[in-house]
Amino acid sequence: MSTRLTSLFFAAAFAVAAFAMTDTAVAKSAVNGVRPDTFIRTLADEALSVLSKKNGSTLAEREAKFHSVLRDDFAMDRIGRFAAGRYWRKMSRDERRDYQKLFTEWVLKSYAIRFGGYSGESLRILKTVRAGKKDSLVRSVIESTKNGKQPIRVDWRVRRFKDSYKIIDILVEGVSMLVTQKAEFASVIKREGIKGLISALRTQLDQLKQVATNGAS
């Protein structure tokens, strides 16, 4: 995984943590007219409160929460199709099924592993702007209490799907996680084909599982 994509996952994991650690009452507020910036701020505050307690949750417990988040609060099907780009139409039904399953599991595992490395980060909302006809862009910075660590500018692209909000993209210092991922996947497909991408995802997922196993031992 490239350095740029790793930094994008760092910020994305913060968002996932925020969604995973909020309680049901907060999540339900999304359907009651709460603005996207308030929605994300509340979730982030709740996550930071939990993280600061160092409650010692296991990797398996974090993954269980992340799985629910990815299914309910991130538009994973849409994200996966966008990341595949024009090659999505060229995939067979079986290839689409395998790709979406591996892509979701890969993101899940990446978030879960990176989730444990936070210490002193906070999220500050700057403003919310419209992004096209359907989306809102919540502009923010992630700040650290560690001396010398520069703030990271993070924008959350949020879309309302019927009665709930979903995050469809995260931009770190102006760089889209989705666009970056799409370019990396396209590069793999050009070299090795669609089956090569699926194989690469499976290999990376196996490597992440080994990292998780080693970290738990």
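The values are calculated or read from the model by the stated rules, or taken from the named source; none is laboratory data. This is a predicted model, so every value here is computed, not measured. For neighbour counting, all protein chains shown are included, and Cβ atoms are generated from backbone atoms with ideal geometry for every residue, glycine included.
Take the residues in the stretch 47-99 that are of a type in the set (Val, Ile, Thr) and buried (at least 18 other Cβ atoms within 10 Å of the Cβ), then tell me which one is modelled with the highest pLDDT. So that I can check it myself, show each step before the final result.
So the first thing to find is which residues in the stretch 47-99 are of a type in the set (Val, Ile, Thr), and the list is 50, 58, 69, 79.
Checking the rest, the ones that are also buried (at least 18 other Cβ atoms within 10 Å of the Cβ) come to 69, 79.
Numbers: VAL69: 62, ILE79: 90.
Checking each candidate, the answer is ILE79.
Table: residues versus (1) surrounded by fewer than 12 Cβ atoms within 10 Å (Cβ to Cβ); (2) of a type in the set (Lys, Arg); (3) within 15 Å of ALA84 (Cβ to Cβ).
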residue	(1), (2), (3)
GLY132	yes, no, no
ARG153	no, yes, no
ARG157	no, yes, no
PHE161	yes, no, no
VAL179	no, no, yes
- Item | strands (runs of 3 or more DSSP E) wholly inside the stretch 100-217 containing at least 1 residues that are modelled with pLDDT under 85 and over 19 Å from ALA75 (Cα atoms) | 121-131, 135-144, 152-161
- Note on the structure: Selection over the stretch 163-177 where residues are farther than 18 Å from PHE82 by Cα, among the acidic types (Asp, Glu) and in contact with a Lys or Arg (Cβ under 8 Å, 6 or more places away or on another chain) yields a count of 1
